[in-house]
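FYI, it's all coordinate maths here, none of it is from the lab. Model, not experiment: these values are computed from the prediction. Ideal geometry is used to build each Cβ from the backbone, glycine not excepted, and the neighbour counts take in all protein chains shown.
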Amino acid sequence: MSAEAAKFLNSFAQALSTMALYAPGHPARERVIDSSLEYLQRLQEKDRTPQFSFLGLDVIYGQVALRELKEWDWGLRLANAGIQRLEFAAAVERDEFEGFLEDALARLTLQAIDSSTRSPERRSTIKFGAIGVKGSEGVIRPEELLPTATIQYSLGEEADTIRWLHDEVEMSGELPLIEAESVVRSLSVAMHGDRDIVIPLLQLKEFDQYTTTHSLNVSVLSMALAEFIGLGAKDVRAFGVAGLLHDLGKVRIPKEVLTKPGKLSDEEWQIMRRHPAEGAKIIFESDRQLDLASAVAYEHHIMINGGGYPSRHFHRDCHKASKLVHICDVYDALRTNRPYREAWEPERVLTQIQSGAGPDFDAELAHSFIQMMRQWERRVAVVDDKTPLPHMSPVTETVAPAAASPVSPSEPEIPTAGSAT
């Protein structure tokens, strides 16, 4: 159905262009409206309620990125005009469709929309508006907070894709980039609800699936923080890919070391510390356009004061994305149950990040992360990897304690940024 969806959007853009040139009632204007509606009706023969999201230069149909419209400039124009999400119910009438096109055109051309002549019942089958997190001043006002984070979504397909991706890398040594990018796009769609952002964090069920769960969570947290500090859509997505792939080098760590429930020996710890360099090599050799993700994979365990690993002969500043992913990496690692320690409560983790701001973490990013997590506390949702949950409780209510076990040297009892995995 993606081909039909792309044809409709192209006809939709053509209709807007033509309507900007001709007055109401002009034959050319009427023809493009009829043609676009016809394309919509064809699409609705296969999908009765099509939904579109315009995220930067990405056009999402349902949960699928339309590669036919990669960097379609109309998507960016619509998003900038406040039309970031577009939904059609079944049986859209012609007058409703024309009214919607007029409103969209008015937004694009910054014209006033006169609603005095319209019935309050009009356009009930077409919904459009902004998605995301920012109000007029770039922050969410307290009165907009949800009682708790809610999301009709699971991360089952995304988790399965990451497991498959890791298997492919382990077997072939090559990174399936398209699949990695599609997961990040899907996570972005899941994060942006009708009004407010939701931060869906996958709940760990089996310890041997930790790398999969952790990768998805770090990607979500990285995109949320990048958006919170005001980065553009393209950078937000790039940081999300970097977060998703930051631990990719663990595919080359022996399973008996990676999933060992107890304390690692000195030799095993040295093996574990290879994963940043291994991940950077895999990513860079697979696609050199992913140099940012490669840098993050290499640098995400390096502290601001130069500590951590890998060790370097000459001190140099890490990339901003590495510093950002570093914080998200530690947060998710500490708030997750592990065989050798209980999960920390979110507030305890934030206190630890606060105390490490400066020597361990980039101070500005650490403070922004803490502000984000406290401001959006009710928007953090624990998500199942199999079935959608109708109601998600805040993380603080869903972390189940695990029996205490010996502490691994990769995560000391009072962890530092360079040591958490």
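Using the structure shown, select from K263/K323; K70/K323; K281/K323 the pairs with a Cα to Cα distance greater than 22 angstrom. Don't skip to the answer; put the middle values down first.
Numbers: K263/K323 27 Å; K70/K323 29 Å; K281/K323 19 Å.
Listed pairs above 22 Å: K263/K323; K70/K323.
Check each of the GluC sites (Glu not before Pro) in region 282-385 and keep only those in coil by DSSP with at most 12 other C-beta atoms within 10 angstrom; list them in order.
Numbers: sites: E285, E299, E342, E347, E364, E377; in loops: E342.
Answer in residue order: no site qualifies.
A cut-off of 5 Å between modelled amide H atoms, ignoring neighbours fewer than 5 places along the same chain, links I302 with Y309.
I need H214, H319, H326 ordered by Cβ neighbour count within 10 Å, fewest first. If you can, show how the numbers build up before the last one.
Numbers: H214 22, H319 16, H326 30.
Neighbour counts put them in this order, fewest first: H319, H214, H326.
Across all C-alpha atoms in region 1-91, the radius of gyration and Dmax reach 13.0, 37 Å.
Comparing V32, S17, A79 along the charge dipole axis of region 2-129, the residue lying farthest to the positive side is A79, per the Cβ-charge model.
Rounded to the nearest angstrom and ordered from largest down, what semi-axes does the equivalent ellipsoid of region 142-397 get from its C-alpha gyration tensor (root of 5λ)?
Calculated on Cα positions only, the semi-axes equal 26, 21, 19 Å.
Positive end of the dipole of region 142-397 (Cβ unit charges, origin at the Cα centre): among Q203, A321, F228, the Cα lying farthest that way belongs to A321.
Whole-Hz Karplus values for region 241-250 come out as 5, 4, x, 5, 9, 4, 9, 4, x, 5 Hz, taken residue by residue from phi with 6.51 cos²θ - 1.76 cosθ + 1.60 and θ = phi - 60°; glycine and proline positions read x. For L201, the residues 5 or more places off, or on other chains, whose built amide H falls under 5 Å of its own are A381, V382, V383. Taking every Cα-Cα distance in region 232-351 and sorting them into 10 Å bins from zero, the calculated P(r) comes out as 13, 39, 38, 10, 0 percent. Among V236, V382, V257, the order by Cβ neighbours within 10 angstrom, fewest to most, reads V257, V382, V236.
Packing, taken as the mean count of other beta carbons within 10 Å per residue, orders the peptides 178-184, 215-221 from highest to lowest as 215-221, 178-184.
For region 228-235, the Karplus equation 6.51 cos²θ - 1.76 cosθ + 1.60, evaluated at θ = phi - 60°, returns couplings of 4, 8, x, 6, x, 4, 5, 5 Hz by residue, with Gly and Pro reported as x. The magnitude of the dipole of region 2-129, with charges of +1 and -1 set on the Cβ of Lys/Arg and Asp/Glu and taken from the Cα centre, is near 180 debye. Geometric descriptor of region 228-291, per residue, is 111 Å³ (volume of the convex hull of the Cα atoms). Phi angles across region 319-334 convert, under the Karplus curve 6.51 cos²θ - 1.76 cosθ + 1.60 with θ = phi - 60°, into 3J(HN,Hα) values of 5, 4, 4, 5, 5, 5, 4, 3, 5, 5, 4, 5, 4, 5, 4, 7 Hz, Gly and Pro given as x.
Amide hydrogen proximity for L264: with H placed 1.01 Å from N in the peptide plane, the residues at 5 or more positions away or on another chain lying under 5 Å are S410.
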